[in-house]
Amino acid sequence: MVTSRAIKTFWQDSSGVSLVEALLTFPIVMLVFAVFIEFGYAMSQWNQTVKALQYGARLAAVSDPLTTNFDAVFPIGAADPLNNGKAAPNDATISSTCGPKLA
């Protein structure tokens, strides 16, 4: 009879319920908080990338070119547009002269 009464009082006691609920919900709350921080950081990186791209495009559109012989440096005309040619070697360079003579 004593053990039956001890088990009954054990199941009816609710002194640690709030602690157990807190221990169960705390990791979930921390996970949500970390997700918010990471999402904000990713949005910040995205915004910085887009702004840098906008700034670079505006700078390229507004500024004067450094050279005027683009046709010789960057040939775009091809007899057969579907023929891309051979792959560029690793040491391929593009050279262009800049200075007051070309301005």
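Observations on the structure shown:
- Residue match in the range 8-18 (condition: among the charged types (D, E, K, R), at negative phi and surrounded by 10 or more Cβ atoms within 10 Å (Cβ to Cβ)): yes
- Residue match in the range 57-65 (condition: surrounded by 10 or more Cβ atoms within 10 Å (Cβ to Cβ), within 28 Å of the chain's Cα centre (by Cα) and either part of a helix (DSSP H, G or I) or modelled with pLDDT of 80 or more (or both)): yes
The values are calculated or read from the model by the stated rules, or taken from the named source; none is laboratory data. A quick note: this is a predicted structure, and the numbers were derived from the prediction, not measured. Ideal geometry is used to build each Cβ from the backbone, glycine not excepted, and the neighbour counts take in all protein chains shown.
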